[in-house]
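Peer 1: Sharing a structure with you now.
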Amino acid sequence: MKKLPIGIQTFRKIIEGGWLYADKTEYVYKLINEGACYFLSRPRRFGKSLLLSTISEVFKGSRELFDGLWIGSSDYDFTPYPVIRIDMSGVSAGTPGELKEGLLHVVNRIAGDEGLPISGKGCAEVFSDPGSQRHRYFTG
């Protein structure tokens, strides 16, 4: 019998550690293919981080983690994409200016780590430029 992954919020750790995982990948597939924007509003400790970690691994193309799960046997092609995940707990939000500065700092750091070119200096330039290659990375 598999152990419950109490406190483990990372899909990769759960799968590689042999922990119990309730397969929600059919819903992940539907989120990816049937919608545009989603707002995840759930109570604390209700699986939001695990869901985002699962979606992240799908977008990274980690097919091997999904063997035996619904999405692993679906028609999803597991093309790898860069994933930028922003942890808001590390962004100061004392003022609107601090929030903008903190977000830009985090996005620029992660984009640099992923090798994604960002030329804009302000939020409007970084997060919305429909004619550019980077637009798809920030808006889904």
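Peer 1: Excluding Val106 itself, calculate the net charge of residues whose Cβ lies under 14 Å from the Cβ of Val106, where each Lys or Arg counts +1 and each Asp or Glu counts -1.
Peer 2: Values: positive: Arg85, Lys100, Arg109; negative: Asp87, Glu98, Glu101, Asp113, Glu114.
Value of the local net charge: -2.
Peer 1: Modelling each spin label as a point 7 Å along the Cα-to-Cβ direction, I'd like the Lys13/Leu116 distance in nm, to one decimal.
Peer 2: Here the modelled spin labels are 2.4 nm apart.
Peer 1: Report the local net charge at Ile55: Lys and Arg +1, Asp and Glu -1, summed over other residues whose C-beta lies under 12 Å from its C-beta.
Peer 2: On the way: positive: Lys24, Lys30, Lys48, Lys60, Arg85; negative: Glu57.
Residues close to Ile55 contribute a combined charge of +4.
Peer 1: Taking only C-alpha pairs under 8 Å that are 6+ residues apart, what is the relative contact order of the chain in percent? All intermediate terms of the calculation are to be shown ahead of the outcome.
Peer 2: Values: 117 pairs, mean separation 24.5, N = 140.
18 percent.
Peer 1: Another question about this same structure. Compute the FRET efficiency between Ser92 and Ala124 as 1/(1 + (r/R0)^6), taking r as their Cβ-Cβ distance and R0 = 22 Å, and round to the nearest 0.05. The partial results should precede the final answer.
Peer 2: Numbers: r = 20 Å, r/R0 = 0.92.
E between Ser92 and Ala124, to the nearest 0.05, is 0.60.
Peer 1: Helix 25-34 sits at what angle to the longest principal axis of the chain, using alpha carbons and giving 0 to 90 degrees rounded to 10?
Peer 2: 40 degrees
Peer 1: Is the shape of the range 11-73 best called rounded, prolate or oblate, per the rule: a/c under 1.5 gives rounded, else a/b larger than b/c gives prolate, else oblate, with a ≥ b ≥ c the square roots of the Cα gyration tensor eigenvalues? Can you show the working numbers first?
Peer 2: Values: a/c = 1.93, a/b = 1.20, b/c = 1.61.
Since a/c reaches 1.5 but b/c is at least a/b, the shape of the range 11-73 is classed as oblate.
Peer 1: How long are the semi-axes of the equivalent ellipsoid of the chain, taking √(5λ) for every eigenvalue λ of the Cα gyration tensor, in whole Å from largest down? Each step should come with its number before you reach the end.
Peer 2: Values: eigenvalues 175, 73, 36 Å².
Whole-Å semi-axes of the equivalent ellipsoid: 30, 19, 13.
Peer 1: So, one more: Loop-only check: which trypsin sites (Lys or Arg not before Pro) in the range 46-126 are DSSP coil with at most 14 other Cβ within 10 angstrom? It would help to have the intermediate numbers written out before the result.
Peer 2: Values: sites: Lys48, Lys60, Arg63, Arg85, Lys100, Arg109, Lys121; in loops: Arg85, Lys121.
Within the range 46-126, the qualifying trypsin sites (Lys or Arg not before Pro) (loop, at most 14 other Cβ atoms within 10 Å) are Arg85, Lys121.
Peer 1: Net charge near Pro5, counting Lys/Arg +1 and Asp/Glu -1 over other residues with Cβ under 13 Å of its Cβ? Each step should come with its number before you reach the end.
Peer 2: Details: positive: Lys2, Lys3, Arg12, Lys13, Arg45; negative: Glu16.
Result for the neighbourhood of Pro5: +4.
Values in this text are rule-based calculations from the coordinates and carry no lab data. Being a predicted model, the structure only gives us computed values, none of them experimental. A quick note on method: Cβ atoms are made from the backbone with ideal geometry, for glycine too, and the neighbour counts reach across all protein chains shown.
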